[in-house]
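Report on the following structure.
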Amino acid sequence: MIHYLIICLALCFSVTASAETTKVRLVTSEFAPLQYGNNNPKGYVVDLLDKLRPILLKKHNIELGNIEFFPWRRAIQIASNDKNTLFFSLSRTPQRENKFIWMAEVSPYRQAIFSLEKTDRNQSETPFNNWQELVHSHRILAIQSGSQLQNYVSTDLAMLDEQLYPVPHYLIAIKMLFAGRIDFLPLTEFLAKGTLCRSGYPSERLKYNFTINEFANPLWAAFSHNTDKKVINSTRHEMLKISQSNWYETHQNDVIEKWNQEQCRNLARAN
């Protein structure tokens, strides 16, 4: 009888253990329209995770937590050190390859260098076509602090320190551009006009110069290294099915187009 009870208890503990839910922390930095809204997260990457959430919970006992927004450096730090932490949306570079466990592509990403169109068309300047022209111009470029682009222009291009103006966020750089404190800034190419309108500035003043081909990489979702292997494998399997679906590609394009239009309509109404 005692032997039978021991077996029953062992089975109960085994079932309980197998049914335990693994919680995953979701960490990111605000980047509209991919992910934004802080207390009320929105964006097409948020929508992907919302589709993924019930699937992981029902099929794999994996519970995705609430999305937590942090400044970029803090988000990277958390995702690099904390167990069972999923970070998005992140460029997959050779320098980062071994720092994370890469899950799936969640967004296209391509930056370009922009400047400000003169209000007097007669004073309009010819756009620069490449990095060499920008470097030799001795004009000032705003750059996000700690970004791979900052390292690239400083190290690989040997751009002078006096030509670089590090900023903690690209929205600050937009204000500086219109205030005449900088001459150029990088922006996500397919979001640039909406980004300007959202910041309260007319998008028609934005002048495209050239695409930053060095970092035209998709953005990924990635796990911290000390994440449970079963969580990694299950999440990757389910996330790839959604992220590579026709629904997600169509949804991305739809959200991006509507977001750009909405920002500029809001600006027009405000004025």
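The values are calculated or read from the model by the stated rules, or taken from the named source; none is laboratory data. Because the structure is a prediction, the values reported are computed rather than measured. No Cβ is skipped: glycine too gets one built from the backbone with ideal geometry, and neighbour counts run over all protein chains shown. Quick note on the areas: whole protein, heavy atoms, side chains included, nothing else; ligands and nucleic acids left out. Shrake-Rupley method; radii C 1.70, N 1.55, O 1.52, S 1.80 Å.
Across region 241-255, the qualifying residues are those that are open to solvent by less than 50 Å² (accessible area, probe 1.4 Å) and either touching a Lys or Arg at 6+ places or on another chain (Cβ under 6 Å) or touching a residue at least 24 places away in the same chain (Cβ under 8 Å) (or both), and the one among them that is farthest from R53 (Cα to Cα) is V255. Counting only residues that are in contact with a strand residue (DSSP E or B) (Cβ under 9 Å, 6 or more places away or on another chain) and part of a loop (DSSP other than H, G, I, E, B), which one in region 202-225 is farthest from A75 (Cα to Cα)? Filtering first and then ranking leaves I212. Restricting to region 151-160, name every residue that is under 22 Å from F31 (Cα atoms) and at pLDDT 90 or above. Of everything in region 151-160, just one residue is under 22 Å from F31 (Cα atoms) and at pLDDT 90 or above, namely Y152.
Being in contact (Cβ under 8 Å) with a residue 60 or more places away in the chain and either among the basic types (K, R) or exposed (fewer than 13 other Cβ atoms within 10 Å of the Cβ) (or both) is the requirement here; does R236 meet it? Before you say what the answer is, go through the steps one by one.
Values: in contact (Cβ under 8 Å) with a residue 60 or more places away in the chain: yes; either among the basic types (K, R) or exposed (fewer than 13 other Cβ atoms within 10 Å of the Cβ) (or both): yes.
In short, yes.
Results for (1) of a type outside the set (K, R); (2) touching a residue at least 60 places away in the same chain (Cβ under 8 Å), shown as yes or no for each residue.
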| site | (1), (2) |
| --- | --- |
| T85 | yes, yes |
| E97 | yes, no |
| N129 | yes, yes |
| H136 | yes, no |
| R181 | no, no |
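Give the residues of region 64-87 that are among the aromatic types (F, W, Y), within 25 Å of P54 (Cβ to Cβ) and either open to solvent by 20 Å² or more (accessible area, probe 1.4 Å) or not in a strand (DSSP E or B) (or both), sorted by residue number. Give the derivation first.
Step one: list which residues in region 64-87 are among the aromatic types (F, W, Y), which gives 69-70, 72, 87.
Among the residues that remain, those that are also within 25 Å of P54 (Cβ to Cβ) are: 69, 87.
F69, the sole residue that qualifies.
Exactly one residue out of E117, E162 is of a type in the set (D, E) and in contact (Cβ under 8 Å) with a residue 40 or more places away in the chain: that is E117.
Considering region 97-201, the qualifying helices (runs of 4 or more DSSP H), each wholly inside and each with 1 or more residues that are of a type in the set (D, E), run over 131-137.
Here's the yes/no breakdown for (1) basic (K, R); (2) farther than 30 Å from V255 by Cα; (3) more than 19 Å from the chain's Cα centre (by Cα); (4) at pLDDT below 90:
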residue: Q77; (1), (2), (3), (4): no, no, no, no
residue: F87; (1), (2), (3), (4): no, no, no, no
residue: E97; (1), (2), (3), (4): no, no, no, no
residue: K118; (1), (2), (3), (4): yes, yes, yes, yes
residue: R181; (1), (2), (3), (4): yes, yes, yes, no
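Restricted to region 31-51, and to residues there that are among the polar types (S, T, N, Q) and surrounded by fewer than 17 Cβ atoms within 10 Å (Cβ to Cβ), the residue that is nearest to the chain's Cα centre (by Cα) is N38.
Put simply, of S224, S145, S203, S199 the only residue that is farther than 30 Å from D254 by Cα, among the hydroxyl-bearing types (S, T, Y) and open to solvent by 10 Å² or more (accessible area, probe 1.4 Å) is S145.
Looking only at region 2-30, filter to residues that are under 21 Å from R73 (Cα atoms) and at pLDDT below 95; which one of those is least open to solvent (accessible area, probe 1.4 Å)? Don't jump to the end; show me each part of the working.
Start the filter on region 2-30 by keeping residues that are under 21 Å from R73 (Cα atoms), which leaves 24-30.
Okay, now just the ones that are also at pLDDT below 95, so 29-30.
On the way: S29: 17, E30: 84 Å².
Residue satisfying both the conditions and the ranking: S29.
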